[in-house]
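Shown next, in structure tokens, is the structure this report addresses.
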């Protein structure tokens, strides 16, 4: 058997410890599949004394993780530190300068600096792999870049954040409100102490921008992702959606828009109403799911655990097996220089149906004001539900679903209502996921 592939681990948190357990437990199987053993040569983390549930005494300890790639006994660096900049980015740059390959689970770093790092990896003739950065243990990166490589991908979308999906499906099952379920998610470890990146859609936007680059051969444009999270959702929204035949899911969606002349990139992360007969309506808990639609393959659904030590470590080691086999491949399924710079697509002309929730005073004339604004903006109303809010004396929740029309029409109606005494809170708009 060939010489071992020696790796260095930067970051020994949940995933780092999972990688150690996996490499040790499945050492023989991994060696047979990789064609050579994969051996951990060195590790690094902030605290050497921390109890991690794995024995690291047999590995060389490095205090400064940035220099891991410079070690002569290391072939590949695995970065599991996180963060778009700082030590993680410095380590990636040092690794490529030393002519070593890098495997990472760091979606923020790839979303912000992926083009730079891909260019550096190609120049050094080494690999940059990040299967674990998107959807944990689901092999969606490999599925798009290899399995679907012959297809023109028309659309990629899905549930990309397990924390949000856990919160939404729990609200759906229990009828509890957002803040209450979030607190439980934090106690159970599904949500961070500061959950902003998850609940405001930023984590999902990082992942979506990576998927879009691979699917469409476009340069990463995280800055152009239209992002809205789930923090404004109420239990009443979940209830109204159910009454209308939908569930609510945070959906990241990307596609190439060719309707306005030239190719423009549409990227959006927002809560959507999902029809009950759609596959994503039945994705519950902390699960992730990604749908890719190609011009010859049709619709593919990738679904599974989007986080956790086992699934994410599995994705990391799968990348290491590829490198051990000598399979480098282009980082974003084609050389970095060939990735196309696409301008963000405008959204006003997009056709679809919308759910709009208004919080209004419980008095005569309010409904007339709102429907007049919809009429003046040429928005056709398909259905309307009105319900009192038991937590807000004298206020009513008014929810409507529009007929298909341009998104700009709904935006115009809300501009007409700005400052109106008929509204006591900012309206919430969610798109309805189409076929």
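The values are calculated or read from the model by the stated rules, or taken from the named source; none is laboratory data. In this text the structure is predicted, and so the values were computed from the model without any measurement. Neighbour counts run over all protein chains shown; Cβ positions are idealised from the backbone, glycine included.
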Query raised in the report: Any residue at all in segment 280-291 that is in contact (Cβ under 8 Å) with a residue 24 or more places away in the chain and over 24 Å from the mean Cα position of the chain (by Cα)?
Result: no
Query - All positions within segment 275-303 that are closer than 12 Å to residue 168 by Cα and either touching a helix residue (DSSP H, G or I) at 6+ places or on another chain (Cβ under 8 Å) or in a strand (DSSP E or B) (or both) - result: 283, 284, 285, 286, 287
Report task. Can you confirm whether segment 141-164 contains a residue that is more than 19 Å from residue 213 (Cα to Cα), at pLDDT 95 or above and either out of contact with any helix residue (DSSP H, G or I) (no Cβ under 9 Å at 6 or more places or on another chain) or crowded, with 21+ Cβ neighbours inside 10 Å (or both)? Result -> yes
Requested in this report: Restrict the check to segment 400-419 and report whether at least one residue is in contact with a helix residue (DSSP H, G or I) (Cβ under 8 Å, 6 or more places away or on another chain), part of a loop (DSSP other than H, G, I, E, B), on the phi < 0 side of the Ramachandran plot and surrounded by 18 or more Cβ atoms within 10 Å (Cβ to Cβ).
Outcome: no
Report task. Test each condition in (1) under 14 Å from the mean Cα position of the chain (by Cα); (2) touching a residue at least 40 places away in the same chain (Cβ under 8 Å); (3) buried (at least 24 other Cβ atoms within 10 Å of the Cβ) for residue 114 and report the one that comes out false. Result -> (1)
Report task. For residue 260, state whether it is in a strand (DSSP E or B) and farther than 27 Å from residue 30 by Cα. Result -> no
**Report entry** Sole residue being in a strand (DSSP E or B) and within 17 Å of residue 232 (Cβ to Cβ), chosen from 385, 397
**Finding:** 397
Query raised in the report: How many residues are crowded, with 22+ Cβ neighbours inside 10 Å and not in a loop (DSSP other than H, G, I, E, B) when one looks only at segment 337-353?
Result: 0
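At pLDDT below 95, assigned by TED's automatic domain parsing to the domain that holds residue 229 and buried (at least 17 other Cβ atoms within 10 Å of the Cβ), is that true of residue 294?
yes
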Query - Single condition residue 350 does not satisfy, out of (1) at pLDDT 90 or above; (2) under 31 Å from the mean Cα position of the chain (by Cα); (3) over 20 Å from residue 249 (Cβ atoms) - result: (3)
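For (1) farther than 26 Å from residue 41 by Cβ; (2) at pLDDT 95 or above, each residue gets a yes or a no:
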residue	(1), (2)
74	no, yes
78	no, yes
82	no, no
93	no, yes
96	no, yes
103	no, yes
109	no, yes
138	yes, no
Report summary line: Screening 31, 8 for residues that are in contact with a strand residue (DSSP E or B) (Cβ under 8 Å, 6 or more places away or on another chain) and either surrounded by fewer than 16 Cβ atoms within 10 Å (Cβ to Cβ) or farther than 15 Å from residue 326 by Cα (or both) leaves only 8
Query raised in the report: Taking segment 304-313 as the search range and keeping residues that are touching a strand residue (DSSP E or B) at 6+ places or on another chain (Cβ under 9 Å) and outside any strand (DSSP E or B), which one is nearest to residue 165 (Cα to Cα)?
Result: 306
Query raised in the report: Only one of 325, 363 is over 26 Å from residue 209 (Cβ atoms), at pLDDT 90 or above and outside the structural domain of residue 148 (by TED's automatic domain parsing); which?
Result: 325
Report summary line: Out of (1) without any contact (Cβ under 8 Å) to a residue 60 or more places away in the chain; (2) in contact with a strand residue (DSSP E or B) (Cβ under 6 Å, 6 or more places away or on another chain); (3) crowded, with 22+ Cβ neighbours inside 10 Å, the one residue 109 does not meet is (2)
Report task. Count, please, the residues in segment 98-116 that happen to be assigned to a helix (DSSP H, G or I) and closer than 25 Å to residue 290 by Cα. Result -> 9
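Matching residues to (1) buried (at least 20 other Cβ atoms within 10 Å of the Cβ); (2) outside the structural domain of residue 105 (by TED's automatic domain parsing); (3) outside any strand (DSSP E or B); (4) touching a helix residue (DSSP H, G or I) at 6+ places or on another chain (Cβ under 7 Å):
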| residue | (1), (2), (3), (4) |
| --- | --- |
| 12 | yes, no, yes, no |
| 15 | yes, no, yes, yes |
| 40 | yes, no, no, yes |
| 54 | no, no, yes, yes |
| 67 | no, no, yes, yes |
